[in-house]
Every structure is written in C-alpha cells, then in structure tokens.
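All remarks here apply to the structure that follows.
The values are calculated or read from the model by the stated rules, or taken from the named source; none is laboratory data. Bear in mind that the values here come from a model prediction, so they are computed numbers and not experimental data. Don't worry about glycine lacking a Cβ; one is built from the backbone with ideal geometry, like all the others, and counts go over all protein chains shown.
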Amino acid sequence: MTIPGIISNSDIVRARLKHSWLENQLLNKTSQEVVYLWAETGWPALENEFSERVKDTLNLADDLENGFSPAQLVDRLAPFAKVDQEAKELIKQAVHEAYLESSKISDFRMPLREDAMALGEALDELHKAWQLPVTEGHEQILRSVWQKVSIKAKALHTILERLPKGVVLP
C-alpha cells in the first residue's frame with residue numbers, strides 16, 4: 001500500500017523521469033519530428049540533458065530500497081517527535097525490514113538498471129547518428145536508431161510506471 005499524500009525524494013525523481021523526460025521529451029516524438037530536429041533546429045536536450053537523466057535513473061535504481069521506505073516517516077511524523085533516537089532507530093529498522101519483505105522493491109533494481117543502461121546506449125548511438133551530415137542515407141540511419149531509442153524509452157517508462165507513487169507501507 002502506498003501513501004500518495006506523503007511524497008519521498010525518490011517519488012519526485014521517478015515522476016520527473018517518467019513524465020518530464022520520457023513522456024515529454026522522448027516518447028512524444030515521431031521519427032519525422034526527430035528528422036526535422038536533426039535537419040533544421042537541433043535538439044539541445046539530446047546534447048546536454050539526456051545522459052544526465054540516464055544517470056538519475058541509475059541512481060534511483062541504486063536507492064530503491066530506501067527511497068520508498070516508510071522508515072523515513074519516523075523522522076517526519078509528529079507522534080515520533082518525543083521518542084529517543086535509539087528507539088527511533090529500532091522502529092526504523094523494523095518498519096524497513098517489513099517493507100522490504102512485503103514490497104519486493106528489490107526485484108525492480110536490476111530491471112530498472114538494465115533498461116536505463118539500454119536506453120543510454122541507444123541514446124549514445126543516436127548522438128553519433130546526429131553528427132552525420134544531413135543526407136537521405138543518413139536520414140535512414142537516424143530513423144533506424146530513433147526506432148531503437150523509442151523502444152528502449154518505452155521499456156524504461158513501463159518499469160518506472162510500476163514503481164511506487166509515494167511512500168510504501170508494509
């Protein structure tokens with residue numbers, strides 16, 4: 001069970017990656033739009049931002065267990081304000097262990113990492129194709145590479161959609 005009203009940093013990152021990056025910068029593009037950007041206007045986000053989003057995704061994968069854990073609530077909720085630090089740590093540990101067991105969040109780590117790395121490789125290939133001179137032959141290369149990017153972006157989007165949307169209660 002997730003608590004949607006209580007947002008964690010990991011949930012903010014997940015949403016930013018899923019919506020702001022994948023949906024609004026990659027998945028909303030057709031191959032024709034990508035060719036237009038390549039031939040006419042450029043795509044600064046491809047040059048400056050996308051590799052950072054891949055790194056953000058890998059960092060999210062590495063912090064999955066803690067990022068959605070209800071243990072973080074112990075420091076945020078008023079009923080625990082007067083509890084001594086040692087007791088808080090014991091509560092955090094018990095809640096975190098119950099969460100790990102019931103949520104199976106760890107099962108998402110490797111698929112998330114693998115999908116992020118696969119998209120990163122496809123984006124690197126797109127970046128190389130982007131440097132080619134604008135010709136019909138190169139356009140076909142670009143379209144083919146874009147197809148790979150699109151498939152990898154959809155796969156990453158799917159796993160991000162499966163992650164919690166808030167702090168998870170065991």
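Scanning region 37-79 for residues that are among the hydroxyl-bearing types (S, T, Y) and under 30 Å from K92 (Cα atoms) turns up T57, S69. Taken together, the residues in region 4-40 that are surrounded by 14 or more Cβ atoms within 10 Å (Cβ to Cβ) and among the polar types (S, T, N, Q) amount to 4.
Each residue in region 112-129 was checked for being surrounded by 19 or more Cβ atoms within 10 Å (Cβ to Cβ), more than 15 Å from the chain's Cα centre (by Cα) and more than 14 Å from Q147 (Cα to Cα), and 0 of them qualify. Among the residues in region 78-96, are any under 19 Å from V34 (Cα atoms), surrounded by 18 or more Cβ atoms within 10 Å (Cβ to Cβ), of a type in the set (D, E, K, R) and in contact (Cβ under 8 Å) with a residue 12 or more places away in the chain? Taking every residue of region 78-96 in turn, none turns out to be under 19 Å from V34 (Cα atoms), surrounded by 18 or more Cβ atoms within 10 Å (Cβ to Cβ), of a type in the set (D, E, K, R) and in contact (Cβ under 8 Å) with a residue 12 or more places away in the chain. In this structure, L112 qualifies as hydrophobic (A, V, I, L, M, F, W, C), within 17 Å of R14 (Cα to Cα) and free of Cβ contacts under 8 Å to residues at least 60 places away in the same chain. Go through region 131-149 residue by residue and tally those that are surrounded by fewer than 18 Cβ atoms within 10 Å (Cβ to Cβ), touching a residue at least 40 places away in the same chain (Cβ under 8 Å) and either of a type in the set (D, E) or within 19 Å of E52 (Cα to Cα) (or both). Selection size over region 131-149: 1.
Might you let me know whether region 23-32 holds any residue that is over 17 Å from H157 (Cβ atoms) and either free of Cβ contacts under 8 Å to residues at least 24 places away in the same chain or touching a helix residue (DSSP H, G or I) at 6+ places or on another chain (Cβ under 7 Å) (or both)? Taking every residue of region 23-32 in turn, at least one turns out to be over 17 Å from H157 (Cβ atoms) and either free of Cβ contacts under 8 Å to residues at least 24 places away in the same chain or touching a helix residue (DSSP H, G or I) at 6+ places or on another chain (Cβ under 7 Å) (or both). Of the helices (runs of 4 or more DSSP H) lying entirely inside region 55-170, those containing at least 2 residues that are touching a Lys or Arg at 6+ places or on another chain (Cβ under 7 Å) and not acidic (D, E) span 109-130, 136-162. The single condition among (1) crowded, with 18+ Cβ neighbours inside 10 Å; (2) basic (K, R); (3) under 23 Å from the mean Cα position of the chain (by Cα) that R109 does not meet is (1). Applying the selection to region 8-40, what residues are at pLDDT below 95 and over 27 Å from R162 (Cβ atoms)? Selection gives nothing.
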